[in-house]
1. Which ranges mark the helices (runs of 4 or more DSSP H) fully within region 108-196 that have 3 or more residues being basic (Lys, Arg)?
2. Tell me which residues, restricted to region 161-196, are hydroxyl-bearing (Ser, Thr, Tyr), within 25 Å of TYR83 (Cα to Cα) and free of Cβ contacts under 8 Å to residues at least 24 places away in the same chain.
3. Which condition does PHE144 not pass, out of (1) surrounded by 14 or more Cβ atoms within 10 Å (Cβ to Cβ); (2) within 18 Å of THR60 (Cβ to Cβ); (3) in contact (Cβ under 8 Å) with a residue 60 or more places away in the chain, if it passes all the others?
4. Report, ordered by the first and then the second residue, all pairs with beta carbons closer than 6 Å, sequence separation of six or more or different chains, a first member in region 104-123 that is in the same structural domain as PHE93 (by the TED database), and a second member that is open to solvent by 40 Å² or more (accessible area, probe 1.4 Å) and aliphatic (A, V, I, L, M).
5. Among LEU119, LEU139, LEU124, which is the only one that is open to solvent by 30 Å² or more (accessible area, probe 1.4 Å), in contact with a helix residue (DSSP H, G or I) (Cβ under 7 Å, 6 or more places away or on another chain) and under 23 Å from LEU59 (Cβ atoms)?
6. Could you count how many residues in region 6-21 are out of contact with any strand residue (DSSP E or B) (no Cβ under 8 Å at 6 or more places or on another chain) and either more than 17 Å from ASN47 (Cα to Cα) or not assigned by the TED database to the domain that holds ALA98 (or both)?
7. Counting only residues that are farther than 21 Å from PHE144 by Cβ, give me the helices (runs of 4 or more DSSP H) lying completely in region 16-106 with at least 1 of them.
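The values are calculated or read from the model by the stated rules, or taken from the named source; none is laboratory data. Bear in mind the structure is a predicted one, so any value in this text is a computation, not a measurement. Reconstructed Cβ throughout: ideal geometry from the backbone, glycine too, with neighbour counts over all protein chains shown. Just so you know, the surface numbers come from the protein's heavy atoms only, side chains and all, with ligands and any DNA or RNA stripped out. Shrake-Rupley method; radii C 1.70, N 1.55, O 1.52, S 1.80 Å.
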Amino acid sequence: MATTDKLRVAFQHFDEANTQDPNTEVFEGTTYPKEVLYGIRMTERLNEFDPTASEALRLTARCQHICRWEIPRESYEMNREGYLRWRQDLKKFHANKAAAILEEIGYDQDTIDKVRFLLEKKQLKKNEETQSLEDVICLVFLEFYFEPFAHKHAEDKTIDILQKTWRKMSEKGQSAALKLPLSKYSLDLITKALHA
């Protein structure tokens with residue numbers, strides 16, 4: 001898959017913005033700012049899942065969580081309404097941050113608008129690229145973030161989250177999920193969720 005010079009520069013800018021993340025994660029012995037590592041994982045998973053992805057989709061995957069720590073979940077009410085408002089505000093925030101960086105690099109307005117459209121998750125289940133992005137988000141969650149989440153929450157909540165995640169995915173995404181290198185613990189929970 002060819003990577004354009006401009007795409008490489010955009011990735012560098014996105015990663016530089018995310019290096020400011022005060023939260024860190026250790027992966028294979030290296031400490032990363034949390035959102036830098038997330039962006040890398042999104043790119044790697046997209047490359048496997050959709051090798052012919054457009055440049056706009058590849059840009060979106062890399063900046064999906066850009067500067068997320070600037071709007072902490074705790075700054076909203078800790079209930080469903082607060083969570084949904086936080087998610088909506090984050091989409092706009094990520095879209096504005098990404099658009100500013102892409103404009104600075106010299107991307108055309110069509111590409112910037114497409115990235116904004118994808119970051120705002122418009123037409124999920126109807127737009128192929130929005131669906132591909134959602135599938136990749138779910139795959140990255142299941143592979144890297146699900147098990148730590150499951151260990152912190154009651155099984156019924158975990159199963160509910162799995163069922164919601166599964167419903168967001170396409171058949172292609174669901175098939176890819178079952179091929180992930182998951183632990184027996186995670187696979188058992190997924191099996192329970194799918195047959196509940």
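1. Working: elements: 109-119, 128-140, 146-152, 155-168, 171-177, 184-194.
Output list reads 155-168.
2. Selection gives nothing.
3. Of (1) surrounded by 14 or more Cβ atoms within 10 Å (Cβ to Cβ); (2) within 18 Å of THR60 (Cβ to Cβ); (3) in contact (Cβ under 8 Å) with a residue 60 or more places away in the chain, only one is false for PHE144: (2).
4. ILE105/VAL9
5. Exactly one of LEU119, LEU139, LEU124 is open to solvent by 30 Å² or more (accessible area, probe 1.4 Å), in contact with a helix residue (DSSP H, G or I) (Cβ under 7 Å, 6 or more places away or on another chain) and under 23 Å from LEU59 (Cβ atoms), namely LEU124.
6. Adding up the residues that qualify gives 8.
7. Details: elements: 34-49, 55-63, 80-105.
Those helices (runs of 4 or more DSSP H) span 55-63, 80-105.
Rundown of residues vs (1) under 26 Å from VAL9 (Cβ atoms); (2) modelled with pLDDT under 95, yes/no style:
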site	(1), (2)
HIS94	yes, no
LYS97	yes, no
ALA100	yes, no
ILE112	yes, no
GLN123	no, yes
ASN127	no, yes
GLN131	no, no
